[in-house]
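So the structure is just underneath, and the comments pick up after that.
The values are calculated or read from the model by the stated rules, or taken from the named source; none is laboratory data. Just so it is clear, the model here is predicted, and its values are computed rather than measured. Here the Cβ positions follow ideal geometry from the backbone for every residue, glycine too, while neighbour counts run over all protein chains shown. Each accessible area value is taken on the protein alone, full model and side chains, heavy atoms only, with ligands, DNA and RNA left out. Shrake-Rupley method; radii C 1.70, N 1.55, O 1.52, S 1.80 Å.
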Amino acid sequence: MAWNSPKVGILGGGQLGRMLTESANRLNIEVHVLDAANAPAKQISAHDNHTIGHFNDQESVQELAKTCDVVTAEIEHVNTYALEAVASQVKVEPSWQSIRIIQNKYDQKKHLSKYDIPMADYRELVENTPEELAKVGEYLGYPMMLKSKTLAYDGRGNYPVKSKEDIPDALEALKDRPLYAEKWAHFKMELAVMVVKTKDSVLSYPTVETVQEDSICKLVYAPARNVSDAINKKAQELARNAVAAFDGKGVFGVEMFLLEDDSILLCEIASRVHNSGHYTIEGCEHALSIPNASIHLYSKGGARPGRKMGHITVTGATMYEAETDIQPLIDLVDKIRA
Ligand code: ATP
Ligand code: MG
Ligand code: MG
């Protein structure tokens, strides 16, 4: 946590960008947000270095890149050509190549197939005609899930095709988008894992259970209910392997299906922080090497001896525990001041 931390640009300043900014604020990391003037993330970060514009607009991305050292995104549906264009000026994390592959769910699956990541079988559509979808249906069986390759979120872009009779309605809903179809995953539960990819490692949070209603995540249980240690570990391993298939650093949300026979299939990856990871804000206390310690840095600028630059709170079940945990920090600060 250097005092002169790199300036981080975020494409998009919605709720995910806001939560990222909240965490960055505590660490003295200045976040520059590209979004509309009063976007949620901008509301909690008062300075003049934000960019007004849209994450799909090449010029806005260029403008943002000029103000920061590293650029990331709170959403995968960004203009990766704009990111490619600024990649020589500024670090882009994860890489624009990774975001480009991940934002197209069909390309994402094709890429992950090369790394032996288990997934529901799938088939591309090229013509989006009833005849073509009927052929795909014969191959994948019914029900199957017709999916838009791009710009999918909250299930908008999915159409469950329960039988041949659904083909006209499914195409009516989606035929103007690039499509593929997936074999139905008869899951008993949906799982998710937050994965953090650093310079040289891929780390995972514990497996959570997600409950979707109408394809929208409604509830997250952390830890997943009635899931054995072995499945928890297996899901984390699958998630880490999937994320390892992509370049660049960042946080990734990995969604999975747990089937009746306890095998696990990957559903999709998001190249960003994810709603199945919201619980980590309150639920995970292992953000620092000292447990139960939270750091608050004030972003005051230049440090002078005696100037209050931040504080650390240590909590414990007993005073003895809290004192024991805080002692190494006191020793460190005393050493710096000596
Ligand atoms: P998100 O908001 O998570 O980005 P999305 O629009 O990209 O959603 P998916 O994650 O692919 O869509 O699917 C949404 C939900 O639809 C899944 O969580 C699952 O409940 C259901 N679903 C998706 N694919 C399948 C499948 N092959 N078989 C059964 N159910 C599926
Ligand atoms: Mg998605
Ligand atoms: Mg999803």
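Remarks
- Extension gain for Asp169 to Asp116 (0.36 nm times residue separation, less C-alpha to C-alpha distance): 15.7 nm.
- For the chain, the alpha carbon convex hull comes to 160 Å³ per residue, rounded to a whole number.
- Fluctuation leader among Ala87, Ala317, Ala41 - the chain, Gaussian network, Cα springs under 10 angstrom: Ala317
- The GluC sites (Glu not before Pro) of the range 55-144 meeting both criteria, a DSSP state outside H, G, I, E and B (loop) and at most 14 other C-beta atoms within 10 angstrom of the site's C-beta, are Glu127.
- Solvent exposure, largest accessible area first (probe 1.4 Å, DNA, RNA and ligands not counted), of Lys7, Lys110: Lys110, Lys7
- GNM flexibility winner over the chain from Gly141, Gly306, Gly248 (Cα, springs under 10 Å): Gly306
- The mean sequence distance of close C-alpha pairs (under 8 Å, at least 6 residues apart), as a share of the length of the chain, puts its relative contact order at 14 percent.
- Straight-distance candidates among the lysines for linking to Lys188, with alpha-carbon spacing under 18 Å and chain neighbours fewer than 8 residues away dropped: Lys218, Lys233, Lys234.
- Distance from the C-alpha centroid of the range 238-263 to that of the range 42-75: 28 Å, rounded to the whole angstrom.
- Around the amide H of Leu191, modelled in the peptide plane, lie the amide H atoms of Thr210, Met256, Phe257, Leu258, all under 5 Å away and 5 or more residues distant in sequence or on another chain.
- Label zone (Ile281, point 7 Å along Cα-to-C-beta; backbone nitrogen cut-off 19 Å) within the range 44-82: 44-46, 73-76.
- Relative contact order for the range 197-292, counting Cα pairs under 8 Å that sit 6 or more residues apart, in percent: 23
- Distance between modelled label sites at Tyr320 and Tyr221, nm, 7 Å Cα→Cβ extension: 3.7
- Calculated [θ] (222 nm, deg cm²/dmol) that DSSP helices of n ≥ 4 give over the chain, each run adding -39,500 (n - 2.57): -9000 deg cm²/dmol
- Heavy atoms of Asp229 accessible to a 1.4 Å probe, total area in Å² rounded to 10: 100
- Value of relative contact order over the range 123-229, rounded to a whole percent, pairs C-alpha under 8 Å and six or more apart: 23
- By the Cα gyration tensor, the range 181-282 has an equivalent ellipsoid whose semi-axes, rounded to whole angstrom, run 20, 15, 14 from largest to smallest.
- Set of aspartates and glutamates with alpha-carbon distance to Lys149 below 12 Å, sequence-local pairs under 8 removed: Asp107, Glu124, Asp176, Glu182, Glu268
- Take the chain and mark each of the chymotrypsin sites (Phe, Trp or Tyr not before Pro) that is in a DSSP loop with at most 13 other Cβ atoms within 10 Å; the longest unmarked stretch, sites excluded, is 116-297.
- Of the trypsin sites (Lys or Arg not before Pro) found in the range 290-338, those in coil by DSSP whose Cβ has at most 13 other Cβ atoms within 10 Å are Lys300, Arg307, Lys308.
- Listed residues Gln236, Gln43, Gln327, most fluctuating in the chain (Gaussian network, C-alpha, under 10 Å): Gln327
- Accessible area in the full protein assembly, largest first, 1.4 Å probe, for Val254, Val220: Val220, Val254
- Residue-span extension gain [Lys66 to Leu332] - 0.36 nm each, minus C-alpha spacing: 92.1 nm
- Taking the DSSP bridge list for the chain and keeping only pairs wholly inside it, about 75 percent are antiparallel.
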